[in-house]
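Q: Structure in structure tokens, see below.
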Amino acid sequence: MDIFQTDEILEIPASELQALFKDLIQVYDTLNEVLKDNGILRGRELAKMNIEASHAVEAEKSPIGKLLLLNAHIKKEIWHIRNALKTRPASAPTEEGKIRQAITKIQLRATAIVEHVKIIAEGRKEVAFTSCQARDFLSGREGKTPSRRDTIRALKRAEKICPALACGHTPNDGRQTTRLTATVDDLKRSDIIKIERNCDTRQRSRIDELRIIFFKEPGSCV
């Protein structure tokens with residue numbers, strides 16, 4: 001459905017274009033979360049896509065051109081999601097007849113890991129918990145060993161929900177084993193954060209970061 005005449009000329013305030021650009025950034029950012037949390041794109045592949053998008057939009061001088069480019073990259077994200085949904089098998093119902101989403105399983109694993117790390121930290125000054133230990137721990141809880149990929153995702157989620165934990169690679173380890181580390185004093189003072197409660201704040205923070213990438217400085221006019 002066409003809403004404009006082909007020969008119609010519009011004068012649009014820069015503030016309205018800026019608001020539209022902010023909305024598109026939020027859509028792009030939300031789709032990024034979907035790609036990452038569902039394992040559709042992660043790591044270098046996701047980073048490469050984001051860098052290409054930011055460089056392309058930053059290089060474009062025209063305000064309308066920026067909007068069109070960002071919209072094109074949003075379509076690219078949707079294309080990845082659509083293809084993943086086509087090839088991904090349907091989720092099996094649980095005992096209660098409810099479908100448990102992958103993101104929920106990661107969250108449950110991460111919460112269990114945080115609680116376990118607090119237990120093994122008793123009597124220590126510092127604590128470290130590797131991905132190998134995490135796989136053994138989760139295997140004992142679930143009766144089945146999770147994949148290395150899913151274990152690392154749970155460790156990274158644990159870092160998000162517990163500020164005292166830091167997720168990184170083990171120093172001087174050729175295999176670059178992922179691990180969680182923390183000082184016990186910080187761990188005792190730290191509580192598990194409900195990610196949902198902080199979603200709006202994190203969204204605003206990521207929008208500000210993308211605005212800095214797409215424009216020379218925060219608040220710049222298109």
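Just so you know, all these numbers are worked out from the coordinates, no wet-lab data involved. Just so it is clear, the model here is predicted, and its values are computed rather than measured. Here the Cβ is made from the backbone with ideal geometry for all residues, glycine too, and neighbour counts use every protein chain on show.
Q: Rounded, prolate or oblate: which fits segment 102-191 when a ≥ b ≥ c are the square roots of the eigenvalues of the alpha-carbon gyration tensor, with rounded for a/c under 1.5 and prolate only if a/b beats b/c?
A: oblate
Q: Relative to the present Cα-Cα distance, how much length would full extension add between E122 and E60 at 0.36 nm per residue of separation?
A: 16.8 nm
Q: Give the distance, in whole Å, between the Cα centre of segment 131-184 and the Cα centre of segment 22-72.
A: 29
Q: Return the subset of K22/K188; K22/K48; K61/K160; K48/K144; K118/K144; K36/K66 for which the Cα-Cα distance in this structure is over 29 Å, preserving the input order. Please report the intermediate quantities before stating the final value.
A: Details: K22/K188 39 Å; K22/K48 22 Å; K61/K160 37 Å; K48/K144 34 Å; K118/K144 23 Å; K36/K66 24 Å.
K22/K188; K61/K160; K48/K144, as the Cα separations exceed 29 Å there.
Q: Could you name the lysines whose alpha carbon sits less than 16 Å from that of K86, not counting residues in the same chain fewer than 8 places away?
A: Qualifying lysines at Cα under 16 Å: K76.
Q: 7 Å from Cα along Cα→Cβ at both R175 and K36: what's the point-to-point distance in nm?
A: Inter-label distance under the simple model: 2.7 nm.
Q: Here's a follow-up. Along the charge dipole of segment 102-191, which of P163, V117, T177 sits closest to the positive end, that is, farthest toward it, with unit charges on the beta carbon of Lys, Arg, Asp and Glu (+1, +1, -1, -1)?
A: Of the options given, the answer is T177.
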